[in-house]
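Okay, structure first, notes after.
The values are calculated or read from the model by the stated rules, or taken from the named source; none is laboratory data. Quantities reported herein were computed from a predicted structural model and do not represent experimental measurements. So basically every Cβ, Gly included, is an ideal-geometry build from the backbone, and we count neighbours across all protein chains shown. Accessible surface areas use protein heavy atoms only, side chains included; no ligands, DNA or RNA. Shrake-Rupley method; radii C 1.70, N 1.55, O 1.52, S 1.80 Å.
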Amino acid sequence: GGLDDVTDTVMTRLGAEGDDDSQVSAEVTYRFLIGDRTSVGVGTSGAGIQNAGEVLNPLSSSSRGAISRFARRDPITLRGSGSAGITIQHELSDIVQLGVGYSTGDSEAPDRGLFNSSYNAIAQVALEPTDNLELAFTYTRKYQEQDDVNLMGSTGSENANNPFDDNGTVADGFGFQFNWYATDELELGGWFGYARATQKQDGDGEATIMNGAITLAFPDLGGEGNLGGIIIGVPPIVTDRDNPELEDEETSWHLEALYRIKVTDNLEVTPGFFLVTNPNHEDNETIWVGAVRSLFSF
């Protein structure tokens, strides 16, 4: 389950979580190629904005990467509500790839149609200028309707996720990522995300939201197939508001370390921990979270 139920902040959420709703659902995704350079995906899941854009963080996997939810990818440009839609990725050349996508949210009013309920749109240019360097520039536009507002995908502060009291919100997001294969034993990467959110219902408020992180990955640390990781970042924070009293007061820092151990070809065990200072960007005591994750492959 989500640790935010006991810590009162989504900054403690894990990368892999479950629930106790005891529900069964069916999801369908279909991916196909057009020529040698274009990939298309459509479906009721797996068509979220993170599937249209490249996630360069080598620690992005929920089962094999970061322990926490925040440390997996930039929530401003690579998280959004809902995942039913279409994604297209096209290789313009061996160096440049273009990704675009559109997905709908989980609207409470499905009769409003595909383009009238919550949605996410993305455009990304990913570059590989050298064999050991990857870059990505991303733009997203999110609209989340009343009572369906969660701009940062349950990462960062309450203000960043819902800046206008559950009123309909539009956010334009801009993101930059990089990952540098410094050596065979070290990858250095990170991201920065910036969003401008605008209230579209019962007011015209505006808010600026930012976040960023630096990642260190250590492939084959202590043995082939192992992986060490360190993530240092600032979860989504409201840095500017039309009403200064509604800006986040403090700055939270997210510090995380993990070590994935390949026990056998079918079993990986990952102990790890992370801490959050000034949780929810408020003057609160530091929270420590420890976890041990096991992945069984068949």
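For Gly168, are the conditions met, namely being of a type outside the set (A, V, I, L, M) and over 20 Å from Leu246 (Cα atoms)?
Considered against the rule, which asks whether it is of a type outside the set (A, V, I, L, M) and over 20 Å from Leu246 (Cα atoms), Gly168 comes out as no.
Under the condition of being small (Gly, Ala, Ser), more than 14 Å from the chain's Cα centre (by Cα) and not in a strand (DSSP E or B), which residue from segment 110-159 is modelled with the highest pLDDT?
Within segment 110-159, the match that is modelled with the highest pLDDT is Ser157.
Quick check on segment 45-83: of everything there that is part of a helix (DSSP H, G or I) and open to solvent by 20 Å² or more (accessible area, probe 1.4 Å), which residue is farthest from Phe178 (Cα to Cα)?
Here is the first cut: in segment 45-83, the residues part of a helix (DSSP H, G or I) are 49-52, 70-72, 75-78.
From the residues that got through so far, the ones that are open to solvent by 20 Å² or more (accessible area, probe 1.4 Å) too are 50-51, 72.
Details: Gln50: 16, Asn51: 17, Arg72: 14 Å.
Once the filter is applied, the top-ranked residue is Asn51.
Of everything in segment 265-295 that's in a strand (DSSP E or B) and of a type in the set (Ser, Thr, Tyr), which residue is least open to solvent (accessible area, probe 1.4 Å)?
By that ranking, first place goes to Thr270.
Just checking, which of Glu224, Glu250 is more than 21 Å from Arg196 (Cβ to Cβ), open to solvent by 50 Å² or more (accessible area, probe 1.4 Å) and touching a helix residue (DSSP H, G or I) at 6+ places or on another chain (Cβ under 7 Å)? Break it down stepwise before answering.
On the way: Glu224 fails: touching a helix residue (DSSP H, G or I) at 6+ places or on another chain (Cβ under 7 Å).
Being more than 21 Å from Arg196 (Cβ to Cβ), open to solvent by 50 Å² or more (accessible area, probe 1.4 Å) and touching a helix residue (DSSP H, G or I) at 6+ places or on another chain (Cβ under 7 Å) holds for just one of Glu224, Glu250, which is Glu250.
Which residues, taken from segment 54-64, are of a type outside the set (A, V, I, L, M) and under 11 Å from the mean Cα position of the chain (by Cα)?
Within segment 54-64, Asn57, Ser60, Ser61, Ser62 qualify.
Against the conditions (1) modelled with pLDDT of 95 or more; (2) crowded, with 23+ Cβ neighbours inside 10 Å, where does Phe178 fall short? Just the number, please.
(2)
Just give me the residues in segment 114-149 being open to solvent by 40 Å² or more (accessible area, probe 1.4 Å) and among the polar types (S, T, N, Q), in sequence order.
Result: Asn116, Thr130, Asn132, Gln146.
Just to verify a result, which residue in segment 195-218, among those that are over 22 Å from the mean Cα position of the chain (by Cα) and crowded, with 17+ Cβ neighbours inside 10 Å, is farthest from Ala171 (Cα to Cα)?
Narrowing segment 195-218 to residues over 22 Å from the mean Cα position of the chain (by Cα): 199-206.
After this cut, where a residue has to be crowded, with 17+ Cβ neighbours inside 10 Å as well, the list is 199-200, 205.
On the way: Gln199: 9, Lys200: 10, Gly205: 12 Å.
Per the stated criteria, the residue is Gly205.
Return the residues of segment 176-235 that are part of a strand (DSSP E or B), small (Gly, Ala, Ser) and closer than 24 Å to Leu133 by Cα; say none if nothing qualifies.
Once the filter is applied, which keeps residues that are part of a strand (DSSP E or B), small (Gly, Ala, Ser) and closer than 24 Å to Leu133 by Cα, segment 176-235 yields Ala182, Gly189, Gly190, Gly193, Gly212, Ala213, Ala217, Gly228, Gly229, Gly233.
Within segment 84-97, identify whether any single residue is part of a loop (DSSP other than H, G, I, E, B) and buried (at least 21 other Cβ atoms within 10 Å of the Cβ), and answer yes or no.
No, because not a single residue in segment 84-97 is part of a loop (DSSP other than H, G, I, E, B) and buried (at least 21 other Cβ atoms within 10 Å of the Cβ).
Can you name the residue in segment 150-166 that is open to solvent by 20 Å² or more (accessible area, probe 1.4 Å) and without any contact (Cβ under 8 Å) to a residue 60 or more places away in the chain and, of all such residues, is nearest to Ile214 (Cα to Cα)?
Asn162
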